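Note sheet for the following structure.
The values are calculated or read from the model by the stated rules, or taken from the named source; none is laboratory data. Treat the numbers as computed from the prediction; the structure is a model and nothing was measured. Neighbour counts run over all protein chains shown; Cβ positions are idealised from the backbone, glycine included. These accessible areas exclude ligands, DNA and RNA; they are computed on the full protein's heavy atoms, side chains included. Shrake-Rupley method; radii C 1.70, N 1.55, O 1.52, S 1.80 Å.
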Amino acid sequence: MSAAVSCAVACVLVLSVQGLYSPSDDVVDLSPSNFDREVMQSDSLWLVEFYAPWCGHCQRLVPDWKKAATALKGIVKVGAVDADQHKSLGGQYGVRGFPTIKIFGSNKNKPEDYQGGRSSQAIVDAAINALRSLVKDRMAGKSGGSDQSRQSGSGGGASKKDVVELTDDNFDQTVLNSDDVWMVEFFAPWCGHCKNLEPEWAAAATELKEQTKGKVRLGAVDATVHQVLASRYGIRGFPTIKVFRKGEDPEDYEGGRSRSDIVARALDLFSENAPPPELLEMLNEDVLKKTCEDHQLCIIAVLPHILDTGASGRNGYLEVMMKMAEKYKKKMWGWLWTEAGAQMELETSLGIGGFGYPAMAAINARKMKFALLKGSFSETGIHEFLRDLSVGRGSTAPVGGGALPKINAVEPWDGKDGELPVEDDIDLSDVELDDLGKDEL
């Protein structure tokens with residue numbers, strides 16, 4: 001191996017171990033051990049990049065991110081998290097792709113997504129604009145910290161409708177008679193731990209409202225006011241969190257008190273109780289639009305023509321899809337299928353091109369990007385495809401035409417084998433066979 005190649009390999013190895021930034025940079029290296037102290041407890045505005053060392057876009061961002069950090073030194077803090085190494089920290093802020101940049105401003109519990117350009121100038125401009133907003137909030141008396149005078153049922157950064165106020169009067173009807181899963185916090189307004197939990201509880205309630213479509217709900221009981229309720233469930237310390245599922249005894253929540261811990265447990269509860277997603281046949285445009293626009297991703301399979309597989313072959317493919325939908329149901333993705341040739345505009349927009357069935361694509365309708373299954377249409381192949389999508393890996397491309405394609409209205413599959421079209425019989429009784437060989441003049 002040549003010296004140049006050895007050096008390149010060594011550099012790659014060092015890069016993968018140490019991340020993309022060094023202590024000599026003006027970019028602050030952030031991890032679970034220092035994130036709360038450096039960012040959450042800071043009065044400064046922070047721009048934080050969540051990256052993976054192997055990510056090409058992240059590598060290309062490095063010089064501009066460093067340049068912006070140097071330009072903003074002493075004005076705005078600029079940090080970076082190796083989210084491939086510190087997955088818990090990336091998961092806490094819903095990082096699903098790299099690089100993800102978040103702005104931690106006046107309300108540190110609700111960082112904003114940075115959607116601007118990747119040049120140093122664009123980053124600096126966004127930071128200055130965010131700084132102006134932070135100053136305006138402070139001038140107006142707004143604070144991002146936790147409220148020290150907790151109101152019964154109030155959820156910090158979330159509205160009252162996200163954290164439900166529960167009382168002696170409404171608890172049975174709202175919680176015990178509900179088909180939804182409930183996580184209920186029993187608190188006392190004077191309790192310091194309760195005050196610390198409040199913004200995390202509120203942020204989790206808001207996130208879960210969207211992620212579970214309201215199937216896991218968070219409530220709060222002021223146990224100093226509603227003492228009958230607190231006594232019924234043996235509340236002796238604050239905060240106490242209990243999980244309620246219809247027809248089952250309540251269980252104590254023993255997990256962490258951060259938003260991510262609460263959300264993670266709630267999603268586990270949701271997946272335990274939720275049925276698998278529906279696997280829908282793409283019968284018209286409304287089915288495609290609703291499925292793709294209502295979910296972060298929609299997984300679409302284009303299956304071979306029924307004449308090529310028969311009913312048993314098609315059902316085999318659908319069974320594989322249902323198993324994957326069950327496996328990934330916590331992701332809240334939409335699942336669709338169509339027959340090869342039935343939706344040619346869709347196939348063209350996804351680059352499937354009329355061959356290679358069965359095929360599968362995952363569409364992000366918000367970004368109008370898609371990824372294609374490159375492996376086998378099997379449980380193993382699809383699992384690897386979806387796993388890579390879950391962590392932001394895999395190549396994507398823009399949807400052809402920049403919009404969801406036109407969908408033809410089709411009849412639903414009847415579950416039977418296909419039948420060849422019947423040709424009309426030709427009646428030859430009136431044909432003079434002796435004349436067939438003669439040419440007319």
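Given the alternatives (1) 231; (2) 164; (3) 266, volume of the Cα convex hull per residue in Å³ as computed for this entry is given by (3). Sorted on the mean count of surrounding Cβ atoms within 10 Å across their residues, most packed first, peptides 41-53, 402-414 read 41-53, 402-414.
Between segment 308-339 and segment 37-63, how many Å separate their Cα centres? First find each Cα centre; the distance between them is then 38 Å.
Once C-alpha pairs closer than 8 Å and six or more residues apart are averaged by separation and normalised to the residue number of the chain, the relative contact order reads 11 percent.
Residues whose amide H falls under 5 Å from that of Val78, counting only those 5 or more places apart or on a different chain, are Val28, Leu47, with hydrogens built in the peptide plane.
The calculated P(r) of segment 212-348, using every Cα pair and 10 Å bins from 0, goes 10, 29, 24, 16, 13, 6, 2 in percent.
Can you send over the carbon and sulfur percentage of the accessible area for segment 241-393, probe radius 1.4 Å, protein chains only? Spell out each step's value before the answer.
Working: 3400 of 7060 Å².
The value for segment 241-393 is 48 percent carbon and sulfur by accessible area.
Taking amide H as placed 1.01 Å from N in the peptide plane, the amide H of Arg217 sits under 5 Å from that of Val181, Trp182, Met183, each at least 5 places away or on another chain. Compute the long axis of helix 379-390 from its Cα atoms, compare it with the longest principal axis of the Cα atoms of the chain, and write down the angle in degrees, 0 to 90, nearest 10. It works out to around 40 degrees. Find the centroid of the Cα atoms in segment 83-141 and in segment 366-380, then give the distance between the two in whole Å. Each part reduced to its Cα centre gives a spacing of 30 Å.
Here segment 390-424 and segment 174-236 have alpha carbon centers that stand 44 Å from each other. Computed from the Cα positions only, the extents of segment 163-264 along the three principal axes stand at 32, 31, 21 Å, in decreasing order.
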